[in-house]
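Undergrad: Take a look at this one; I'll ask things after.
The values are calculated or read from the model by the stated rules, or taken from the named source; none is laboratory data. Note that the coordinates shown come from a computational prediction; the quantities given were computed from them, not determined experimentally. With ideal geometry, Cβ positions are generated from the backbone for all residues, glycine too; neighbour counts draw on all protein chains shown.
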Amino acid sequence: MSASRRRGVVEEFLALDIGDPGTGRTFHLKMPKESLRYFMGKRIGEEISGDPIGLPGYTLMITGGTDKDGFPMHPSLPIPGRKRVLLSSPPGFHPRREGERRAKLVRGSIISEATRQINLKVVRRGERPLEELVGGEAS
């Protein structure tokens, strides 16, 4: 447990992981939790403009995410909350044997106030390179 949590201070932020298929790099952004308002109600698979998050000219696709407790979003579940579902393939469950299924708790495909991390993919590039706009933090 981190020192800030032990003291009762919880740092609230929204993590954005932006994948660039053109370069094969992923950029990690930490945004204030207030920026979640732009994403509220959006679903996995929707394309959004990058302008409100500081990426002018970029178009991004929502590919997934996790909630505040680490439960993954599942594209086949059209709700904003959590639900226990029977899974036989990713996301949310990786079977070790063929035919293996398991009941898992997953979050629906609609972004809600409980979402803490959103995965995005670049669909259309802007004029300036992503490295320049985001900074140097990439993997």
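Undergrad: Quick one: count up the residues across the range 21-48 that are surrounded by 15 or more Cβ atoms within 10 Å (Cβ to Cβ) and over 26 Å from Pro90 (Cα atoms).
TA: Total satisfying the criteria: 3.
Undergrad: Now, a different point. Residue under question is Pro52, and the condition is that it be more than 26 Å from Arg124 (Cα to Cα), over 14 Å from the mean Cα position of the chain (by Cα) and not aliphatic (A, V, I, L, M); does it hold?
TA: Working: more than 26 Å from Arg124 (Cα to Cα): no; over 14 Å from the mean Cα position of the chain (by Cα): yes; not aliphatic (A, V, I, L, M): yes.
So Pro52 does not fit the description; no.
Undergrad: Ok, one more. Quick one: is Ser112 among the small types (Gly, Ala, Ser), at pLDDT below 95, under 29 Å from Arg25 (Cα atoms) and touching a Gly at 6+ places or on another chain (Cβ under 9 Å)? So that I can check it myself, show each step before the final result.
TA: On the way: among the small types (Gly, Ala, Ser): yes; at pLDDT below 95: yes; under 29 Å from Arg25 (Cα atoms): yes; touching a Gly at 6+ places or on another chain (Cβ under 9 Å): yes.
The answer is yes for Ser112.
Undergrad: Here is a follow-up. Which is touching a helix residue (DSSP H, G or I) at 6+ places or on another chain (Cβ under 8 Å), aliphatic (A, V, I, L, M) and either part of a loop (DSSP other than H, G, I, E, B) or closer than 23 Å to Thr23 by Cβ (or both), of Leu77, Leu55, Leu133, Leu120?
TA: On the way: Leu77 fails: touching a helix residue (DSSP H, G or I) at 6+ places or on another chain (Cβ under 8 Å); Leu133 fails: touching a helix residue (DSSP H, G or I) at 6+ places or on another chain (Cβ under 8 Å); Leu120 fails: touching a helix residue (DSSP H, G or I) at 6+ places or on another chain (Cβ under 8 Å).
None of the other options fit; the residue is Leu55.
Undergrad: If you don't mind, another one. I'm told Thr59 meets every condition in (1) more than 15 Å from Glu131 (Cβ to Cβ); (2) surrounded by 14 or more Cβ atoms within 10 Å (Cβ to Cβ); (3) under 13 Å from the mean Cα position of the chain (by Cα) except one. Can you identify the failing condition by its number?
TA: (3)
Undergrad: (1) more than 24 Å from Glu12 (Cβ to Cβ); (2) not in a loop (DSSP other than H, G, I, E, B): which one isn't true of Glu127, the others all being true?
TA: Glu127 satisfies all of (1) more than 24 Å from Glu12 (Cβ to Cβ); (2) not in a loop (DSSP other than H, G, I, E, B) except (2).
Undergrad: Here's another thing I want to ask about it. Would it be correct to say that Gly70 is under 12 Å from the mean Cα position of the chain (by Cα), at pLDDT 95 or above and at positive phi? It would help to see each step written out before you state the result.
TA: Working: under 12 Å from the mean Cα position of the chain (by Cα): yes; at pLDDT 95 or above: no; at positive phi: yes.
So Gly70 fails the test.
Undergrad: Condition first: more than 19 Å from Phe27 (Cα to Cα) and either β-branched (Val, Ile, Thr) or out of contact with any Lys or Arg (no Cβ under 7 Å at 6 or more places or on another chain) (or both). Now tell me which residues in the range 46-71 satisfy that.
TA: Result: Glu46, Asp69, Gly70.
Residue by residue, here is whether (1) under 17 Å from the mean Cα position of the chain (by Cα); (2) over 22 Å from Pro32 (Cβ atoms) holds:
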| position | (1), (2) |
| --- | --- |
| Pro80 | yes, no |
| Ser88 | no, yes |
| His94 | no, yes |
| Gly99 | no, yes |
| Thr115 | yes, no |
| Leu120 | yes, no |
| Leu130 | no, no |
